[in-house]
Amino acid sequence: MDWKRTREPADAWHMTDDLHVEHGKGDPFAAAIRATRMSMIITDPRQQDNPIVFANDAFLRLTGYERQEVIGRNCRFLQGPKTDKEAIGQLRKAIEEVADVSVDILNYRKDGSTFWNALYISPVSNDRGELLFYFASQLDVSDRKRSERRITADKERFEKAVQDRTRELEAALEAQTTLLHEVDHRVKNNLQMISSLILMQRRTITDEAARQSLTTTLERIEALSTVHRRLYQSKDVSRFDVSDFARDLISDLVTASGRTHINSRLDLEPVIIPAEKATPVALIVNELVTNALKHAFKEHPDGATAGHIGVRMSQPDGHLNIEVSDDGVGMAGTVAETSFGMRLIKSLARQLHAEVEWDDAAPGTRVVISIPNEPQHRGNAS
Amino acid sequence: MIEPLKVLIVEDEALLAMELESLVEEAGHSVVGWATSSDEARRAVDTTEADIAFVDIHLTDGPTGVDVARYIGEKKKSMVVFMTANPKRIPDHFAGAIGVIAKPYTMNGLLSSLRYLQEGVRRPPPKSALPAGFTLSPAFQIVWAPTA
Ligand SMILES: Nc1ncnc2c1ncn2[C@@H]1O[C@H](COP(=O)(O)OP(=O)(O)O)[C@@H](O)[C@H]1O
Ligand SMILES: [Mg+2]
């Protein structure tokens, strides 16, 4: 701070004749205004171009001018090239409207250096409402402006960092979703290709047993295909409705295959299981249904091949029960412990901690599978 | 006997196209052409007469199957059924197509779709039930399966 006292010509005060008239030389208020550390000036709007008629020492210290350099001039000499036009406009408007105004404005000292001026201007009128002066005080708020700018810059930097990060995460999510769709697309196409390869191979084979074997393989692959198609058709890829699957399977193996002599009876509650159980459950259901179609009605005692096949699904307290039944020849006397289909069912049941029960339904066979299906936490399968 | 269908296959995967052709012919229909890109498909549309075009969404020149369907619709030459592993890519209006057979389809699913389409094209609306894996477009839902 420059505390050097500004030299003041002896008649300086007399340059402010109008002020003199209103307040008088011995007025303690005038003395206070002269001595305060707050920069203050008074202008006379009744003179041409509203010149400064009084400036205190603090104003001279702040701006670096001598008193005789400022008295008689309009305040605009404090403005410079970087002064905000809008702030100047605000001042002009207030003066025109004879109103108070408070504005932060960039001002220039005599030496060309700048400071932020928290400028307050207010009109002073006499009892008769005649405008006499404008009173203006200046406060150097450069420090405050600097920290404001720093805070704004920090805030902008922070917001930009958050925006950048958000964009990164969105891009990553988008890439992941695209990848998931790509992989899903490829899995489905590959499953279709596997079925196609088996079908092509089967066309070249004349041996009935070998053909039958490829058909069984095709059915198993197609069960997996149906699981996959259903899983990714649904809104939630982590849940799987076994009943919907069973409906597709039956329509595929009974209705669409032209087995018009076999009637299907479906009693299906919606049974929702987590996606990771979908494949083993679907394979078991496929084995049981294809077994009934293949074996039950072939050598019916009365020679007919007609019959009924039933699928029931229910979900009583924490369990999923699947029942596949037929009214065919029954399994009595069958030694099937080591056949592949049976082993497949038993292994899958073990994987699911399920219980499997073959009953002689007289006539026919009833297989009941009971799978524990505790409520799972969502997102487990992701 | 209903008259069999003439089928155009638009599919970039040779293996799938080959097997589809066999199944279509085994079912008593005929395949009049096979295209792997949208250009080939447009040429095939201009030079052949087909009742039904099975159109994959993703072809050798990108996801251009919907454009192919639109072209076929403008020419009014045949009806379109999308056949794709990516049914979610089909626009809501289905570009005028009958519907979509979602991949992976099963052999029996495809055969019943062929039967359903044969009825739908020759003697609409089809009498048999909508096959599993076959989804009708909203427009065809109204005329072919109004109760569903
Ligand atoms: N629903 C059924 N009705 C009559 N017999 C059956 C039934 N399910 C299975 N079987 C008998 O059990 C045997 C073993 O079945 P499986 O292990 O699936 O072998 P595969 O189906 O290959 O013959 C069958 O060959 C058949 O004799
Ligand atoms: Mg079996």
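The values are calculated or read from the model by the stated rules, or taken from the named source; none is laboratory data. Predicted model only: the values in this text are computed from it and were never measured. Methodologically, a virtual Cβ is constructed for each residue, glycine included, from the backbone with ideal geometry; neighbour enumeration extends over all protein chains shown.
Specify the residue that is farthest from the other protein chains (Cβ to nearest Cβ); the eligible residues are those in the stretch B:2-17 that are assigned to a helix (DSSP H, G or I) and within 15 Å of the chain's Cα centre (by Cα).
Checked the stretch B:2-17; the qualifying residue farthest from the other protein chains (Cβ to nearest Cβ) is B:Ala17.
Which residues, counting only those in the stretch A:238-250, are surrounded by fewer than 19 Cβ atoms within 10 Å (Cβ to Cβ) and within 12 Å of chain B (Cβ to nearest Cβ)?
Passing the criteria: A:Asp244, A:Arg247.
Between a first residue in the stretch A:348-373 that is at positive phi and a second residue that is of a type outside the set (S, T, N, Q) and within 16 Å of ligand 2 (Cβ to nearest atom), which pairs have beta carbons less than 8 Å apart while being 6 or more apart in sequence or on different chains?
Listed by first residue and then by second, the contacts come to A:Ala362/A:Gly330; A:Gly364/A:Ala296; A:Gly364/A:Asp326; A:Gly364/A:Gly328; A:Gly364/A:Val329; A:Gly364/A:Gly330.
If you scan the stretch A:83-101, which residues turn out to be in contact with a helix residue (DSSP H, G or I) (Cβ under 9 Å, 6 or more places away or on another chain), surrounded by fewer than 18 Cβ atoms within 10 Å (Cβ to Cβ) and not in a loop (DSSP other than H, G, I, E, B)?
The answer is A:Ile88, and nothing else.
Suppose the filter is among the acidic types (Asp, Glu), more than 14 Å from chain A (Cβ to nearest Cβ) and surrounded by 18 or more Cβ atoms within 10 Å (Cβ to Cβ); does B:Asp51 pass it?
yes
Scan the stretch A:275-287 and report the pairs whose first residue is of a type in the set (Ser, Thr, Tyr) and whose second residue is part of a helix (DSSP H, G or I) and more than 12 Å from ligand 2 (Cβ to nearest atom), with Cβ atoms within less than 6 Å and a gap of 6+ or a chain change.
Taking only residues 6 or more apart or on different chains, the pairs are A:Thr279/A:Val227.
Is it the case, given these coordinates, that A:Gly328 is within 14 Å of ligand 2 (Cβ to nearest atom), on the phi < 0 side of the Ramachandran plot and of a type in the set (Gly, Ala, Ser)?
yes
Considering only residues that are of a type outside the set (S, T, N, Q) and without any contact (Cβ under 8 Å) to a residue 12 or more places away in the chain, look in the stretch A:215-254 and name the one that is farthest from B:Ser112 (Cα to Cα).
My answer is A:Asp236.
Which residues, taken from the stretch A:339-357, are in contact with a Ser or Thr (Cβ under 7 Å, 6 or more places away or on another chain) and buried (at least 16 other Cβ atoms within 10 Å of the Cβ)?
A:Ala354
Whether any residue in the stretch B:64-76 is under 24 Å from B:Ser30 (Cβ atoms) and within 14 Å of chain A (Cβ to nearest Cβ) is what I want to check.
There is at least one residue in the stretch B:64-76 that is under 24 Å from B:Ser30 (Cβ atoms) and within 14 Å of chain A (Cβ to nearest Cβ).
I need the full set of residues from the stretch B:91-117 which are more than 14 Å from chain A (Cβ to nearest Cβ) and under 14 Å from B:Met79 (Cα atoms), in order please.
Within the stretch B:91-117, B:Phe94, B:Ala95, B:Gly96, B:Ala97, B:Ile98 qualify.
State yes or no: is A:Ala275 under 42 Å from the mean Cα position of the chain (by Cα), surrounded by fewer than 22 Cβ atoms within 10 Å (Cβ to Cβ) and either within 12 Å of ligand 1 (Cβ to nearest atom) or of a type in the set (A, V, I, L, M) (or both)?
When the stated conditions are applied, A:Ala275 passes them.
Would you pick out the residues in the stretch A:62-78 that are of a type outside the set (A, V, I, L, M, F, W, C) and surrounded by fewer than 18 Cβ atoms within 10 Å (Cβ to Cβ)?
A:Gly64, A:Glu66, A:Gln68, A:Glu69, A:Gly72, A:Arg73, A:Asn74, A:Arg76
Report whether or not A:Asp267 is surrounded by fewer than 22 Cβ atoms within 10 Å (Cβ to Cβ) and at pLDDT 90 or above.
Yes, satisfied.
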